[in-house]
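Input: a single structure, listed below in structure tokens.
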Amino acid sequence: MRRAKPGKIGTMVSALGAAIVRGEIMPGSVLPPEHELETRYGASRSVVREAMKTLAAKGLVSVRPRHGTHVRPVHDWTLLDRDVLSWMRTGDGLDRDLLIALEEARAIIEPAAAALAAHRATAEDHARIAAALMAMEAGQKDPQAAIAADKQFHLAILDATHNPVLRSFRGAIDAILSAVFDIAVGVFAGNLPNHAAVARAIAARDAASARQAMEQVLGYTQGHLLSGTSTSVLKTEKKIAKPGETP
């Protein structure tokens with residue numbers, strides 16, 4: 001069997017994934033059989049099958065022999081997957097409630113990570129955190145540079161915990177930060193003092209202050225999201241697909 005080309009697989013995954021998360025194909029719907037998808041997307045059977053495997057890994061579909069491919073309910077989706085989050089973004093951004101939920105997840109993980117980093121950070125970790133903070137300060141007028149530096153700051157702290165389980169959240173936190181920072185970059189400068197306080201506390205090995213300062217960082221961002229000035233909700237009027245329909 002000829003190997004499926006990654007580019008064709010990615011194109012099909014993106015098309016179907018976006019249609020599912022945006023409600024164009026509703027949970028419970030049955031996707032067309034393989035031969036129809038092959039014709040519709042001009043793809044080989046191996047491409048179709050690999051695309052279904054990828055969507056299944058992201059929690060969007062379930063593939064059962066002789067029962068077809070069903071779209072799974074929203075609570076089964078891997079919401080911390082970078083692709084899933086990107087598909088959920090419209091021209092107006094992400095759903096406000098989802099952004100707040102992402103911030104709540106950060107609030108559970110990051111303050112504790114900052115406290116642990118205060119105990120365990122090495123000299124190299126301190127240098128990475130300080131370098132990221134400097135890049136944040138230097139990039140205040142460049143949104144893309146600011147976002148990149150802010151992400152490096154938070155991920156450097158996660159790494160500084162030297163906890164393999166927390167480090168395994170790196171990809172998820174990176175995806176959350178990408179989604180949130182695209183919205184919160186407008187108030188980036190106002191949150192710099194809070195970030196600096198986190199870095200100082202970790203450098204001083206003051207775990208309680210590091211936790212409190214990180215809570216201030218996240219509280220500032222969440223307050224901006226709750227103000228309603230940063231994002232708008234996804235459109236509620238969506239095309240409801242009949243079972244088996246796909247774009």
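No value in this document is a laboratory result; all are computed from the given coordinates. Predicted model only: the values in this text are computed from it and were never measured. Please note: Cβ atoms are built from the backbone with ideal geometry, for glycine as well, and neighbour counts cover all protein chains shown.
Shown here: segment 6-84, whose C-alpha atoms stretch 30, 27, 20 Å along the first, second and third principal axes, sorted largest to smallest.
So which DSSP H runs in the chain come out at 27 Å plus along the axis (Cα) with average Kyte-Doolittle of at least -1.0? Before the final figure, lay out the partial values.
Working: long enough: 96-120 (35 Å, 0.50); 207-226 (28 Å, -0.03).
Helices meeting the criterion: 96-120, 207-226.
Based on the Cβ-Cβ distance of Asp76 and Ala135, what FRET efficiency does E = 1/(1 + (r/R0)^6) give at R0 = 25 Å, to the nearest 0.05?
Numbers: r = 38 Å, r/R0 = 1.52.
Calculated value: 0.10.
Using a Gaussian network model on the chain with a 10 Å cutoff between Cα atoms, which of Pro27, Pro73, Pro164 fluctuates the most? It is Pro164. For the chain, a crude dipole built from +1 on the beta carbon of Lys and Arg and -1 on the beta carbon of Asp and Glu, taken about the Cα centre, is about 980 debye to the nearest 20. Taking the square roots of 5 times each eigenvalue of the Cα gyration tensor of segment 56-105, largest first, gives ellipsoid semi-axes of 26, 11, 9 Å. Counting every C-alpha pair in segment 94-226, the share spaced more than 27 angstrom apart comes to 9%.
How big is D for segment 1-134, in µm² s⁻¹ as a whole number, if Stokes-Einstein is applied with the Kirkwood radius of its Cα pairs at 37 °C and 0.692 mPa s? Walk me through the numbers before you get to the answer.
Working: Rh = 17.5 Å.
Here the translational diffusion coefficient equals 188 µm²/s.
Potential lengthening of the chain between Ser227 and Asp142 amounts to 28.2 nm, from the contour at 0.36 nm per residue minus the alpha-carbon distance.
Taking a temperature of 4 °C and a viscosity of 1.567 mPa s, what whole-number D in µm²/s does Stokes-Einstein yield for segment 104-163 with Rh from Kirkwood over alpha carbon pairs? Kindly include the intermediate steps, with their values, before the conclusion.
On the way: Rh = 11.7 Å.
Answer from the Stokes-Einstein relation: 110 µm²/s.
Here the dipole of segment 6-84 is about 140 debye; that uses its Cα centre as origin and unit charges on the Cβ of Lys and Arg (positive) and Asp and Glu (negative).
Springs join every pair of Cα atoms under 10 Å in this Gaussian network model of the chain, and among Gln144, Gln222, Gln152 the largest mean-square fluctuation is at Gln144. GNM, the chain, Cα, under 10 Å: largest mean-square fluctuation among His224, His126, His75? Of His224, His126, His75, the Gaussian network model singles out His75 as fluctuating most.
A straight chain from Glu104 to Glu215 at 0.36 nm per residue would run longer than the Cα-Cα distance by 38.9 nm.
Simple spin-label estimate for Ser14 and Ser168 gives 3.1 nm between the two label positions (7 Å along the Cα-to-Cβ direction from each Cα).
The calculated 222 nm mean residue ellipticity attributable to helices in the chain amounts to -20000 deg cm²/dmol, summing -39500 (n - 2.57) over DSSP H runs of n ≥ 4 and dividing by all residues. Compactness check for the chain: Cα Rg over 2.2 N^0.38 Å is 1.17. For segment 94-226, the residue among Ala115, Leu177, His154 whose Cα projects farthest onto the positive side of the dipole built from Cβ charges is Ala115.
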